[in-house]
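Here's the structure, in structure tokens; my notes come after.
The values are calculated or read from the model by the stated rules, or taken from the named source; none is laboratory data. Predicted, not measured: the structure shown is a model, and the values here were computed from it. Ideal geometry is used to build each Cβ from the backbone, glycine not excepted, and the neighbour counts take in all protein chains shown.
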Amino acid sequence: MSNVYRFPGGDLPPDFETNMPDDLEVKHCYRHHDRETGVSCSNCERPICHECMIPAPVGFRCPECVKEQSAGGSRAKVVTRAQVRSRWSGATIGAPAGLSATKVLMGLNVIMFVLELVTGYSGLLGGGSGTVDLGGLAPIQVFLGQDYWRLFTSMFLHGGLIHLAFNMWALWAIGGFIEAAVGRLKFVVIYFVSGFAGSVMVLLASPATVTVVGASGAIFGLFGALAVHAFLNRGRDFQSRALLGNVLFLLVINLMFSFRGGISWQAHIGGLIAGAAVMAAMMLAGRKDPRRPFELPDGLAVLGIVFVLVALTWWSVLTFTL
């Protein structure tokens, strides 16, 4: 027989607290966003409601982890807190082996700047005879001469040592994060699609007679990709929640400086939007782990974004010549 304890009179003591603490963090199920829960998956830490709880040897698992375990025919990969922290320190789960794509891109930018100095197209602190002939993005050259290759070569040219130093510092600081989080191939795809998008925005919104150079569009795309990655993981990754605020703060500061004279805000905005879009597509709005290998759906999503950029390029050329 079980014992049931009752307070005299059947009422709770007058000082018995029945309200939830004000500082209690309320989470919502990742599948049923209208349901509050205090239970998380013991593997990935996604918040799960009573309907999504699947008993496990330790705690409960979410349907995604159980599906992964069933598909692999073995135990699902367990992501520990130490591994989550290491994701943002450059040595991640499944980190790409071999030469870093971030370092390769930095090397190409430095080599091209040395070429600018040797040929006289740019001085150490800017100036020189100009970078148009070397591949700078001059919209008028695209509109009248169909020099579409400038949309890509301009990403590796810089207007002086200070310009190069700022961009390479930003690429070094953020490139390792993205490359470690999504892998070398996806990182390179984000970089070049973002740079292309920045050049397209220059065609759409810049005066036709300007010349734009720099890796800023691609780098802003990496910022956008990192912000989306952190946002979509904020509910199950404590590091992402902290990172999201820092990335958004840096974005706001850099966007404010983007509207100063002599800086192409068009390239920054275009790259930012494209980088965020590519990352969101690769993660399927948070339903897919971006560390998975580059698959057919990823390729189709990237091709869709590139198709839109090509269409905008064609439209900008057509409207200029009309």
Region 181-195: number of residues that are touching a residue at least 60 places away in the same chain (Cβ under 8 Å) and more than 14 Å from Phe294 (Cα to Cα)
4
Within region 147-155, is even one residue in contact with a Leu (Cβ under 8 Å, 6 or more places away or on another chain), modelled with pLDDT of 85 or more and closer than 30 Å to Ala230 by Cβ?
yes
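Yes or no: Ile253 in a helix (DSSP H, G or I), under 24 Å from Leu161 (Cβ atoms) and in the same structural domain as Arg150 (by TED's automatic domain parsing)? First the steps, then the outcome.
Working: in a helix (DSSP H, G or I): yes; under 24 Å from Leu161 (Cβ atoms): yes; in the same structural domain as Arg150 (by TED's automatic domain parsing): yes.
Yes: the conditions hold for Ile253.
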Restricting attention to region 204-261, which residues are within 23 Å of Arg150 (Cα to Cα) and small (Gly, Ala, Ser)?
Ala205, Ser206, Ala208, Gly214, Ala215, Ser216, Gly217, Ala218, Gly221, Ser258, Gly261
Condition test on Val200, is it of a type outside the set (Phe, Trp, Tyr), crowded, with 23+ Cβ neighbours inside 10 Å, in contact with a Gly (Cβ under 9 Å, 6 or more places away or on another chain) and touching a residue at least 24 places away in the same chain (Cβ under 8 Å)?
yes
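Can you find a residue that is surrounded by fewer than 21 Cβ atoms within 10 Å (Cβ to Cβ) and under 12 Å from Ala225 (Cβ atoms) anywhere in region 251-258?
The answer is yes, given that some residue of region 251-258 is surrounded by fewer than 21 Cβ atoms within 10 Å (Cβ to Cβ) and under 12 Å from Ala225 (Cβ atoms).
Within 28 Å of Glu36 (Cβ to Cβ), in contact with a Lys or Arg (Cβ under 6 Å, 6 or more places away or on another chain) and loosely packed, with under 15 Cβ neighbours inside 10 Å: is that true of Arg241 in this structure? Write out each step before concluding.
Numbers: within 28 Å of Glu36 (Cβ to Cβ): yes; in contact with a Lys or Arg (Cβ under 6 Å, 6 or more places away or on another chain): yes; loosely packed, with under 15 Cβ neighbours inside 10 Å: yes.
Criteria met by Arg241.
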Name the residue that is surrounded by the fewest Cβ atoms within 10 Å (Cβ to Cβ), counting only residues in region 296-322 that are in contact (Cβ under 8 Å) with a residue 12 or more places away in the chain and more than 24 Å from the chain's Cα centre (by Cα).
Thr321
Pairs under 6 Å by beta carbon, first residue more than 16 Å from Tyr30 (Cβ to Cβ) in region 284-295, partner modelled with pLDDT of 75 or more and surrounded by fewer than 15 Cβ atoms within 10 Å (Cβ to Cβ), six or more apart or different chains?
Phe294/Leu185
Residue list for region 121-137, restricted to those being modelled with pLDDT under 90, crowded, with 22+ Cβ neighbours inside 10 Å and under 21 Å from Ser258 (Cβ atoms)
Thr131, Gly136
May I ask you to list the residues in region 204-219 that are buried (at least 24 other Cβ atoms within 10 Å of the Cβ) and among the aliphatic types (A, V, I, L, M)?
Val212, Val213, Ala215, Ala218, Ile219
Scan Phe259, Phe223, Phe192 and give me the residue that is of a type in the set (A, V, I, L, M, F, W, C) and under 12 Å from the mean Cα position of the chain (by Cα).
Phe223
